[in-house]
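J.: I have a structure I would like to understand better, so I am pasting it below and will then ask my questions one at a time.
The values are calculated or read from the model by the stated rules, or taken from the named source; none is laboratory data. Being a predicted model, the structure only gives us computed values, none of them experimental. Here the Cβ is made from the backbone with ideal geometry for all residues, glycine too, and neighbour counts use every protein chain on show. For the accessible areas, the whole protein counts, side chains as well, though only heavy atoms, and no ligand, DNA or RNA atoms are used. Shrake-Rupley method; radii C 1.70, N 1.55, O 1.52, S 1.80 Å.
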Amino acid sequence: MSSKLFSPFAIRGAAYANRIAVSPMAQYKGDNGSATRWHDQHLGSFAASNPGLVFFESTSVEREGWGSLDCLALHSDEHETAIRQVLGNIRTYSETPFAIQFGHSGRKGSGKTPAGGRGPLPVEEGGWPVWGPSEIAYADGHPTPVAFGDDDLDRVRESYRQAAERVNRLDLTLVELHGAHGYLLHTFMSPLSNQRADAYGGTLKKRTAFVAEIVEIVRRELHDDRVLGIRLNAHDYVGEGTTFEDTIEIVKILQDAGLDYVCVSAGAITNEAKIEQSPGYLVPFASKLKKATNIHAFVTGMIIQPHQAEEVIADGHADMVEIARGFLDDPRWVWHAAEALGVELDFMMQYWMAKPGRWPGARIIRGTVAAE
Ligand SMILES: Cc1cc2nc3c(=O)[nH]c(=O)nc-3n(C[C@H](O)[C@H](O)[C@H](O)COP(=O)(O)O)c2cc1C
């Protein structure tokens, strides 16, 4: 069988060996914003088993945008050096391309880590003021954000620009702006969090204007061969929020600003959002978006089985799948997908003895033959 999931994908100067990406996954293992030894093993173990692309987790472009004290950031030389070190370590055994997600948590920032109990981190416990387009809190009990004035918007623009400048010095092929899950860029686009009366609020076009500027700024700064995408919610999952039709219009605006792809995702803009997950639940949105705008579509959300992923790509619904929990469960997801789809993969020499065709145990584990 000739697999489309395992077919190469080229975009700008980047070339990916297959259509499988390890989705960004916040680890809460940063050291004052810098990547650590944890990231070496976490990202390295995925890179060792041949996905087309591996993402660094959401990485904040400015201090005010941190999600928690343990999140990653890219606004100092130390942060840049730490990412360079992780990539350098992984490069000693893998050529797998890497990407980064630019984050800014906006009004969902200053949080406790999952281990610390989640929820807002009060200022008296080391928290910090959070920011948003308007003074509207994410939910009761969450801090009211400081609404951006003109100078503050300049500060954020410059942070994204500087982060892009740092990416040019790193071995990263792609930048995904985090524009989903209720974080800063999403809060500009949603009427639930943006009630500004200036050029950045009101109509859908005005609510998208700041995000379009960020796309333009990052695109202008990034070297030509680097890919630029954005992660967007399919819609807001709340009655008065953005609809899927709005998302299509947003993508058209961002496409004009220089965007290469959209990753379709889902996450809460308010605590009233009701998101029900089932296998491939975002694929129909990616498919329609791709047809309506002709943009490259990546898709995430419960893509778990090899044949399911194959169908997403072969039927033209998306160009790349971003898989998260499937990789936490099985860091060798790519090997097992290749085996299920009849694709011969190169194994790194260290793991070669476990190649399914060579190792009799593989057939027993998969239940193809019974153990004696
Ligand atoms: C541990 C964990 C951390 C995550 N962190 C991020 C993140 O940093 N940025 C992001 O956009 N999504 C994040 N997500 C969402 C995933 O990237 C993914 O889109 C989502 O889990 C759905 O895909 P899945 O069903 O394959 O897990 C995270 C998910 C998990 C499980």
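J.: Considering only segment 103-116, state which residues are outside any loop (DSSP other than H, G, I, E, B) and either among the polar types (S, T, N, Q) or farther than 22 Å from Gly44 by Cβ (or both).
T.: Once the filter is applied, which keeps residues that are outside any loop (DSSP other than H, G, I, E, B) and either among the polar types (S, T, N, Q) or farther than 22 Å from Gly44 by Cβ (or both), segment 103-116 yields Gly106, Arg107, Lys108, Gly111.
J.: With the structure loaded, tell me whether Phe148 is closer than 28 Å to Ile11 by Cβ and aromatic (Phe, Trp, Tyr) or whether it fails that test.
T.: Answer is no for this residue.
J.: Moving to a separate point now. So, in segment 171-184, exactly how many residues are within 16 Å of the ligand (Cβ to nearest atom), touching a helix residue (DSSP H, G or I) at 6+ places or on another chain (Cβ under 7 Å) and not in a helix (DSSP H, G or I)? I'd like the intermediate steps shown before the answer.
T.: Just the residues of segment 171-184 that are within 16 Å of the ligand (Cβ to nearest atom), to begin with: 172, 174-184.
If we keep only those that are touching a helix residue (DSSP H, G or I) at 6+ places or on another chain (Cβ under 7 Å) too, we end up with 175, 177-180, 182-184.
Now narrow it down to the ones that are not in a helix (DSSP H, G or I): 175, 177-180, 182-183.
Looking only at that region, the number is 7.
J.: List, please: which pairs have Cβ atoms under 7 Å, are six or more places apart or on different chains, and start with a residue in segment 40-58 that is farther than 23 Å from Leu5 by Cβ and end with one that is open to solvent by 30 Å² or more (accessible area, probe 1.4 Å) and not polar (S, T, N, Q)?
T.: Between residues of segment 40-58 that are farther than 23 Å from Leu5 by Cβ and residues that are open to solvent by 30 Å² or more (accessible area, probe 1.4 Å) and not polar (S, T, N, Q), the close pairs are Glu57/Ala26; Ser58/Ala26.
J.: So which strands (runs of 3 or more DSSP E) stay within segment 1-73 end to end and still have 3 or more residues that are away from the ligand (no atom under 15 Å from the Cβ)?
T.: The qualifying strands (runs of 3 or more DSSP E) are 9-11, 14-16.
J.: Another question about this same structure. In segment 228-265, which residues are open to solvent by 30 Å² or more (accessible area, probe 1.4 Å) and within 16 Å of the ligand (Cβ to nearest atom)? So that I can check it myself, show each step before the final result.
T.: So the first thing to find is which residues in segment 228-265 are open to solvent by 30 Å² or more (accessible area, probe 1.4 Å), and the list is 235, 237, 239-240, 243, 245-246, 249, 252-253, 255-256.
Residues satisfying the conditions are His235, Tyr237.
J.: Could you please let me know if Arg220 is away from the ligand (no atom under 16 Å from the Cβ), touching a Gly at 6+ places or on another chain (Cβ under 9 Å) and under 23 Å from Ala163 (Cβ atoms)? Full working, then the answer.
T.: Values: away from the ligand (no atom under 16 Å from the Cβ): yes; touching a Gly at 6+ places or on another chain (Cβ under 9 Å): yes; under 23 Å from Ala163 (Cβ atoms): yes.
Yes: the conditions hold for Arg220.
J.: Of all residues in segment 119-133, which are β-branched (Val, Ile, Thr) and not in a loop (DSSP other than H, G, I, E, B)? Let's see the steps before the verdict.
T.: Step one: filter segment 119-133 for residues β-branched (Val, Ile, Thr), giving 123, 130.
Listed by number, the list holds a single entry, Val123.
J.: Any idea which of Thr187, Thr96 is within 30 Å of Ile11 (Cβ to Cβ), assigned to a loop (DSSP other than H, G, I, E, B) and either touching a Lys or Arg at 6+ places or on another chain (Cβ under 7 Å) or open to solvent by less than 30 Å² (accessible area, probe 1.4 Å) (or both)?
T.: Working: Thr187 fails: assigned to a loop (DSSP other than H, G, I, E, B).
One residue alone meets the criteria, Thr96.
J.: Further, regarding this structure: Could you tell me which of the residues Gly116, Gly126, Gly106 is within 16 Å of the ligand (Cβ to nearest atom), farther than 25 Å from Thr300 by Cβ and either open to solvent by less than 50 Å² (accessible area, probe 1.4 Å) or not β-branched (Val, Ile, Thr) (or both)?
T.: Details: Gly126 fails: within 16 Å of the ligand (Cβ to nearest atom); Gly106 fails: farther than 25 Å from Thr300 by Cβ.
Selected residue: Gly116, the only one of Gly116, Gly126, Gly106 that is within 16 Å of the ligand (Cβ to nearest atom), farther than 25 Å from Thr300 by Cβ and either open to solvent by less than 50 Å² (accessible area, probe 1.4 Å) or not β-branched (Val, Ile, Thr) (or both).
J.: Could you list, in sequence order, the residues of segment 74-87 that are farther than 13 Å from Arg169 by Cα and either assigned to a helix (DSSP H, G or I) or among the aromatic types (Phe, Trp, Tyr) (or both)?
T.: Glu78, Val86
J.: Continuing with this model, one more query. For segment 268-301, which positions are surrounded by 18 or more Cβ atoms within 10 Å (Cβ to Cβ) and of a type in the set (Gly, Ala, Ser)?
T.: Passing the criteria: Ala268, Ala273, Gly280, Ala286, Ser287, Ala297, Gly301.
J.: Looking at segment 339-350, I want the residues that are surrounded by 15 or more Cβ atoms within 10 Å (Cβ to Cβ) and have a partner that is among the aliphatic types (A, V, I, L, M) with Cβ atoms under 6 Å, at least 6 apart or on another chain. Which pairs are those?
T.: Between residues of segment 339-350 that are surrounded by 15 or more Cβ atoms within 10 Å (Cβ to Cβ) and residues that are among the aliphatic types (A, V, I, L, M), the close pairs are Leu345/Ala338.
J.: Given the structure, is Glu322 of a type outside the set (Lys, Arg) and either open to solvent by 40 Å² or more (accessible area, probe 1.4 Å) or at pLDDT below 95 (or both)? Break it down into steps so the answer makes sense when it comes.
T.: Details: of a type outside the set (Lys, Arg): yes; either open to solvent by 40 Å² or more (accessible area, probe 1.4 Å) or at pLDDT below 95 (or both): no.
Considered against the rule, which asks whether it is of a type outside the set (Lys, Arg) and either open to solvent by 40 Å² or more (accessible area, probe 1.4 Å) or at pLDDT below 95 (or both), Glu322 comes out as no.
J.: State whether one or more residues within segment 150-170 are hydrophobic (A, V, I, L, M, F, W, C), without any contact (Cβ under 8 Å) to a residue 40 or more places away in the chain and either more than 16 Å from the ligand (Cβ to nearest atom) or buried (at least 16 other Cβ atoms within 10 Å of the Cβ) (or both).
T.: no
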